[in-house]
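Have a look at the structure below before the remarks.
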Amino acid sequence: MTGTWLIDTRYLKSMLTIASNGDYVCHLTQGETYQLEGKFQVRDGILIDTLTKSSITNEPVPSTFTNQIIRVNDHELVWKRLDMHTLVMFRKVKE
């Protein structure tokens, strides 16, 4: 999952960079631009996202989210948020 991943839609842009140790930085634009930082861990097909820093006002940190990995390959990273049943689909832009 290491590398830089992108969501780029009419309403949302998200650039996610994941290091080999699971640390990540995410630049999220949805009206305003925010920076998120945290750590990913994968256990039995579940992606555990521990958010450690956020520029979003009133975002509690640390926070932990659980996601089911649907697909990950050289081109796509897709997970489903277990608390919202929402699919999140990134495409890889660089290693």
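The values are calculated or read from the model by the stated rules, or taken from the named source; none is laboratory data. Fair warning: this is a prediction, and the values are worked out from it, not measured in the lab. Every residue, glycine as well, gets a Cβ built from its backbone with ideal geometry; the counts of neighbours run over all protein chains shown.
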Which numbered condition residue 11 fails, given (1) under 12 Å from the mean Cα position of the chain (by Cα); (2) not in a strand (DSSP E or B); (3) not polar (S, T, N, Q): (1)
Pairs where the first residue, in the range 65-78, is in contact (Cβ under 8 Å) with a residue 12 or more places away in the chain and within 10 Å of residue 91 (Cβ to Cβ) and the second is among the hydrophobic types (A, V, I, L, M, F, W, C) and in a loop (DSSP other than H, G, I, E, B), C-beta under 8 Å, 6+ apart: 77/1
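Search the range 9-31 for residues being of a type outside the set (A, V, I, L, M, F, W, C) and modelled with pLDDT under 95, and hand back the single one that is surrounded by the most Cβ atoms within 10 Å (Cβ to Cβ).
For the range 9-31, the residue satisfying everything is 30.
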Selection status of residue 1, part of a loop (DSSP other than H, G, I, E, B) and surrounded by 13 or more Cβ atoms within 10 Å (Cβ to Cβ): yes
Test result for residue 37, exposed (fewer than 12 other Cβ atoms within 10 Å of the Cβ) and not polar (S, T, N, Q): no
Conditions (1) part of a strand (DSSP E or B); (2) touching a Phe, Trp or Tyr at 6+ places or on another chain (Cβ under 7 Å); number of the one not met by residue 65: (2)
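This table checks each residue for (1) at negative phi; (2) under 13 Å from the mean Cα position of the chain (by Cα).
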| position | (1), (2) |
| --- | --- |
| 27 | yes, yes |
| 33 | yes, no |
| 43 | yes, no |
| 58 | no, no |
| 66 | yes, yes |
| 74 | yes, no |
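Every residue, every condition in (1) in contact with a Cys (Cβ under 7 Å, 6 or more places away or on another chain); (2) hydrophobic (A, V, I, L, M, F, W, C); (3) over 20 Å from residue 20 (Cα atoms), yes or no:
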{"residue": "45", "(1), (2), (3)": "no, no, no"}
{"residue": "54", "(1), (2), (3)": "no, no, yes"}
{"residue": "59", "(1), (2), (3)": "no, no, yes"}
{"residue": "67", "(1), (2), (3)": "no, no, no"}
{"residue": "90", "(1), (2), (3)": "no, yes, no"}
Subset of the range 79-95 (residues that are closer than 12 Å to residue 1 by Cβ, in contact (Cβ under 8 Å) with a residue 40 or more places away in the chain and surrounded by 14 or more Cβ atoms within 10 Å (Cβ to Cβ)): 90, 92
Qualifying position, being part of a strand (DSSP E or B) and touching a Pro at 6+ places or on another chain (Cβ under 8 Å), among 51, 36: 51
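Within the range 29-50, can one find any residue that is of a type in the set (D, E, K, R), in contact with a Gly (Cβ under 7 Å, 6 or more places away or on another chain) and over 15 Å from residue 3 (Cβ atoms)?
Yes, the range 29-50 has at least one match.
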